[in-house]
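Structure first, then comments.
The values are calculated or read from the model by the stated rules, or taken from the named source; none is laboratory data. Here the structure is a predicted model, which is why all the values come from computation and not from measurement. We place every Cβ from the backbone using ideal geometry, glycine too, and count neighbours over all the protein chains shown.
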Amino acid sequence: MLKFNIDAASPVPVYQQVKQAITLDIMANRLKDGDQLPSIRTLARILKLNPNTVAKVYYSLEQEGYIEGRRGSGYQVKCQKGKMDNLKLSIIEHEFKAFLEKAFSLGFTKEDIEKLMRRLLTNE
Amino acid sequence: MSKDIITIHGLSLAFGGKKILDNLDTRFEKGKTVLIAGNNGAGKSSFLKCLAGVLFPDAGEIRLDASVPREKIAFISDRMSLFENFTLAQGIAFHCRVFNVKKDDFDRSLLCKLKLDMDQKIKDLSIGERAVYQFSLLMAQKPEILLLDEIIHNIDPYLRELLLEALIGLIDELNTSVIMVNHTFSEMGRLPERVLIMENGRFVFDETSDEMHAKIKKIVTEKEIADDIPVIFENRTPLYREYYVYPYSEGMGAGSGYEFLDVDLTGIVKSFIGGYYAKKRI
């Protein structure tokens, strides 16, 4: 079962939100290899989106190799383990960069951050 | 690249010396959903009426793709004009005959939800019922071009959702080009792929939904901002001032310390209209 949290007020284009939601589900293994995705029209009706938007999401996911479209049988999830690991790393790296930017803008130094990280990691 | 279904050149229209549409040039692509917004009296409805062939422009031309038959263009005006003395059943029969629709193809599912009596007269319908009734008539045409003028405002939230789903089905099934005029964006907000904003009979904003948020930003500050930043609307409160910036480009105001905030669709439209009224006062 796909879960979506689409924010119409967000400036992030809706197609990117949907794409992220699907890739996240694939990476978290909530969508497994070979799972069937809803048809373009079904998803458009559920999310109240333009079918062209959903088609764009599926097309771009297919280009990137997350899903596979088969004539007459809709779209299926296609995931390779190595690729997922790379992707997970790139996501966490992205988040971490954002965190560092924020910390530096608040005036923390490298040493402060190292200290903080060490403390948090040893506490766990 | 999909092909253009409507091409417009130099479209102008005036009523009693007042310019309603001012030398408009634009194109509409097949299968795209377009939203037209703008202040009251900006010319949105007149523009739609010209597209529908209800109003004849004073100058310019509207060229339709030759493959679209006339009966595949569907239009709801803001007045929702129908033959008042027809019963609902007669209205459906009439519409089917004029637009070449087989009576059996008429989809009554939306009307059934309203539990309408088919023998009552059109003039006795409430505004919301009338909107749903007219939308059902248009759906039966299986339109390739659908022109909607503010129909959702009168409809209750439940039927609005059904209507929206019917519209989505239509876009998917027939690749219908939808051009709609709207003031509320909550429900319809994710449908449009392109947004046009009108002011004084001209288009002042024409962007795709994916890119528009990158083009318009907001600065919230307590002070005046630098002159070289293009501000379209300024909102002053006792605590802070909001400046809406358009067109925004990457690196603008570098070193000034301004934070450029994101604006949602309602905010974008409001800032343009607010800017228009502010100019008007002077």
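Filtering segment B:140-181 down to residues that are aliphatic (A, V, I, L, M) and at the interface with chain A (Cβ under 10 Å from one of its Cβ atoms), which residue is farthest from residue B:69 (Cα to Cα)?
B:164
Return the residues of segment B:7-27 that are surrounded by fewer than 20 Cβ atoms within 10 Å (Cβ to Cβ) and either in contact with a strand residue (DSSP E or B) (Cβ under 9 Å, 6 or more places away or on another chain) or closer than 30 Å to residue A:56 by Cα (or both); say none if nothing qualifies.
B:7, B:9, B:10, B:12, B:14, B:19, B:22, B:23, B:25, B:26, B:27
May I ask you to list the residues in segment B:205-229 that are of a type in the set (Gly, Ala, Ser) and within 14 Å of chain A (Cβ to nearest Cβ)?
Hits for segment B:205-229 are B:209, B:214.
Might you check whether a residue that is surrounded by 12 or more Cβ atoms within 10 Å (Cβ to Cβ), more than 13 Å from the chain's Cα centre (by Cα) and touching a residue at least 40 places away in the same chain (Cβ under 8 Å) occurs anywhere in segment A:84-101?
Checking segment A:84-101: not a single residue is surrounded by 12 or more Cβ atoms within 10 Å (Cβ to Cβ), more than 13 Å from the chain's Cα centre (by Cα) and touching a residue at least 40 places away in the same chain (Cβ under 8 Å).
Find all pairs meeting these conditions: Cβ atoms under 7 angstrom apart; at least six residues apart or on different chains; first residue within segment A:38-56 and facing another protein chain (nearest Cβ under 9 Å); second residue part of a loop (DSSP other than H, G, I, E, B) and crowded, with 19+ Cβ neighbours inside 10 Å.
A:44/A:50; A:50/B:191; A:50/B:193; A:52/B:31; A:52/B:193
How many residues does segment A:102-117 hold that are in a loop (DSSP other than H, G, I, E, B), on the phi < 0 side of the Ramachandran plot and loosely packed, with under 10 Cβ neighbours inside 10 Å?
1
Regarding segment B:232-246, can at least one residue be identified that is within 13 Å of another protein chain (Cβ to nearest Cβ) and within 25 Å of residue A:15 (Cα to Cα)?
no
What single numbered condition from (1) modelled with pLDDT of 85 or more; (2) away from every other protein chain (no Cβ under 14 Å); (3) surrounded by 13 or more Cβ atoms within 10 Å (Cβ to Cβ) fails to hold for residue B:252?
Checking residue B:252 against (1) modelled with pLDDT of 85 or more; (2) away from every other protein chain (no Cβ under 14 Å); (3) surrounded by 13 or more Cβ atoms within 10 Å (Cβ to Cβ), the one that fails is (1).
For a quick check of your reading of the model, give me the residue pairs whose first member lies in segment B:1-24 and is among the acidic types (Asp, Glu), whose second is in a loop (DSSP other than H, G, I, E, B) and crowded, with 20+ Cβ neighbours inside 10 Å, with beta-carbon atoms closer than 9 Å and at least 6 apart or on different chains.
Final answer for the pair search is B:22/B:43; B:22/B:201.
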